[in-house]
Amino acid sequence: MMSTKEISKTRKIAAWVIAGSLTALYLFSASGKLFLHPEQMEQMHLADWRIIIALGEIVSALLFLFPKTNKVGTLLLSSYMGGAIIIHMTGGIGIVMPVVVLMFVWVGFYLRNPKFFKLK
């Protein structure tokens, strides 16, 4: 039987794995907007905004990664993913990927901040 201390250590490890993975995903996505595939932003009629969107993505991901700022990062990434879902819906692109990423943002937030969801 696992003790509470072991469970909290497992929770912390899972939270860091999720946070690190999501941060890497967002940094890769931002680099694509900036350097690798800027034409994708043009196809979505967002070419004029690609630098601002990429910088917002980088800042939000870094805020999400660090424990002291992960609440703000969660809100910013949630907003970003909400926008991504809308862009996908209006562009006839599947929404599964942004929805799954958004769910992982909130799972990561919950694992790091379980007291946030307590009603007391």
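Selection of the stretch 58-83 for residues being closer than 26 Å to VAL96 by Cβ, polar (S, T, N, Q) and either open to solvent by 30 Å² or more (accessible area, probe 1.4 Å) or out of contact with any helix residue (DSSP H, G or I) (no Cβ under 7 Å at 6 or more places or on another chain) (or both) yields only SER79. Scanning the stretch 38-50 turns up no residue that is surrounded by fewer than 15 Cβ atoms within 10 Å (Cβ to Cβ), basic (Lys, Arg) and over 20 Å from MET103 (Cβ atoms). For ALA54, the conditions (1) surrounded by 14 or more Cβ atoms within 10 Å (Cβ to Cβ); (2) modelled with pLDDT of 95 or more are fulfilled apart from (2). Open to solvent by less than 50 Å² (accessible area, probe 1.4 Å), assigned to a helix (DSSP H, G or I) and not polar (S, T, N, Q): is that true of TYR110 in this structure? So TYR110 fails the test.
Among residues of the stretch 99-120 that are free of Cβ contacts under 8 Å to residues at least 12 places away in the same chain and among the hydroxyl-bearing types (Ser, Thr, Tyr), those with a beta-carbon under 9 Å from a residue that is surrounded by 14 or more Cβ atoms within 10 Å (Cβ to Cβ) and part of a helix (DSSP H, G or I) at least six positions away or on a different chain give the pairs TYR110/ALA15.
The values are calculated or read from the model by the stated rules, or taken from the named source; none is laboratory data. Just so it is clear, the model here is predicted, and its values are computed rather than measured. Heads up, the Cβs are rebuilt from the backbone with ideal geometry, glycines too, and the neighbour counts pull from every protein chain shown. SASA here: full protein model, heavy atoms, side chains in, ligands and nucleic acids out. Shrake-Rupley method; radii C 1.70, N 1.55, O 1.52, S 1.80 Å.
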